[in-house]
Amino acid sequence: MADAIPVSVTVNNRTRRGLVEPRLTLADFLREQALCTGVHLACEHGVCGSCTVLMDGEAVRSCLLFAVQADGSRITTVEGLAPDEQTLHPVQEAFRDCHGLQCGFCTPGFIISVAAFLEANPNPTDDEIRHGIAGNLCRCTGYQGIVAATRQAAAALREEQP
Amino acid sequence: MKPAPFQYHAPETVADAVGLLAEHGDGAKPLAGGQSLVPMLAMRLTRFDHIVDLNRVSEMFGVTADNGGVRIGAMTRQAAVEHDGTIAERVPLLHLATPHIGHFQIRNRGTIGGSVAHADPASEYPAVMLALDGTAEIASTSGTREVPASEYFESTFMTALAPDELLVGLRFAAWEQPAGFAFDEIARRSGDFALAGAAVGIGIDEAGRIDRAAVGMLGVGPTPLRAASVEAALMGLAAADAGADAAEIGRLAADDMDPIGDIHASEEYRRRAGSTLVGRVLGDALAQLTTEASDG
């Protein structure tokens, strides 16, 4: 049994300290210790994208990182994206408006990926959107609603920051 | 889907990292971006008593101009390679190949050194490195050595790296002459492992004749491969003539392959699709040359 290692991770602007076994993934740390259960786990080997979070502003698979590696970093999960409890982030609002989800399991990963994608490419073509969401799997929607939501979110974010 | 327990080490220098590898030998594994290693650990396809995390070894990150070419630290993220201006200018093939690696979330963590050390025969950077005669810089407690790509890839997932050695950087020379570069691959789904892929560089002399041909292939053998028959057929041809015959010349690549059949594609399919792809990518590289010539 490997020794537990102390870590300090800023999760959604709050500092979380914990003791982690080296093999504990960041995804499990976020769910079990930081109680961010919006981080969803499906494949647990980097294929499905459900566990996508922002690490120091960049979208990453939290199932492919160990919690020890996140020591000192800044993590944003779907819980930390909206400005406050009453307001949705424009990407979240667009997913609701455009039927970008059905069962909702994949949605947190999509929301994070789309937010990061639009940050890098604020005015994407439909083809670029399809490439941008290719790293997340959805088994319900057939993706049409997700593409439409990404398009709407792009427009809303551009209006927010002209 | 939980890795077996391991001891975690986070060295901050190459010296400390190779010291750990020397100490623990076969029982230790360097962790780069983790986009291949961590799934393998999670699925228990492999396990190590010691994981040596390289993510805090700052000297292993970054791209530097080097003697007209580039030196790329092994821990440089694929996303950084994708967006680096020096690489785009001096080693266009790396720039063109990078978007084919996984998805952007994978490229945010995945590293060029991790890809080359892992040496999956279906991955992009090893084929580019082989096509461009790149060099691996390898460190251990006994010093640093350099291994050319032609001697680096030994078999599937097997390289010249010994268990106590660490890939610290890669070097690529820029091409001096007018050249065209292209990369493409065939995969079942966007971002999935390639069934076959091609990395092509074509250089011409002052008379517009091909005097350098580099054709790398992925997914069609136990290691990345060079299409030597295609390269030989191209030498001395006028670029425009080669462009007209690109599909036919590409078909020669079937003889340079050693594909396996699996659940994703038969041996025959990989050979046919792969050689068709070589012709297509060759056509793309040559088109750049002829377009540039007519523009000039």
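The table below gives the values:
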{"read-out": "Acute angle (nearest 10 degrees) that the helix A:107-120 long axis makes with the longest principal axis of chain A, alpha-carbon atoms", "value": "70"}
{"read-out": "Stretch in chain B that is longest and holds no GluC sites (Glu not before Pro) that DSSP places in a loop and that have at most 13 other beta carbons within 10 Å", "value": "B:13-175"}
{"read-out": "At most 13 other Cβ within 10 Å, DSSP loop - trypsin sites (Lys or Arg not before Pro), region A:69-162", "value": "A:139"}
{"read-out": "Whole-Å distance, taken between Cα centres, linking region B:173-201 and region B:67-125", "value": "12"}
{"read-out": "Summed side-chain charge close to residue A:23 - residues other than residue A:23 whose Cβ falls under 14 Å, Lys, Arg +1, Asp, Glu -1", "value": "-3"}
{"read-out": "Nearest 10 degrees, 0 to 90: helix B:267-295 Cα axis against chain B principal axis", "value": "60"}
{"read-out": "Sparse-neighbour loop sites [trypsin sites (Lys or Arg not before Pro); region B:187-296; at most 16 other C-beta within 10 Å; DSSP]", "value": "B:188, B:189"}
{"read-out": "Neighbourhood net charge (10 Å Cβ-Cβ; Lys/Arg +1, Asp/Glu -1) for residue A:150", "value": "0"}
{"read-out": "Antiparallel bridge percentage (DSSP; both residues within the protein assembly as shown; nearest 5)", "value": "85"}
{"read-out": "Burial order of peptide ranges B:2-10, A:50-58 (average beta-carbon count within 10 Å, highest first)", "value": "A:50-58, B:2-10"}
{"read-out": "For residues of B:97-109, the mean tally of beta carbons on other chains within 10 Å", "value": "6"}
{"read-out": "Neighbourhood charge, 10 Å Cβ-Cβ cut-off, centred on residue B:264 and excluding it, Lys, Arg +1 and Asp, Glu -1", "value": "0"}
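No value in this document is a laboratory result; all are computed from the given coordinates. This is a predicted model, so every value here is computed, not measured. Every residue, glycine among them, receives a Cβ derived from its backbone with ideal geometry; neighbour counts consider all protein chains shown.
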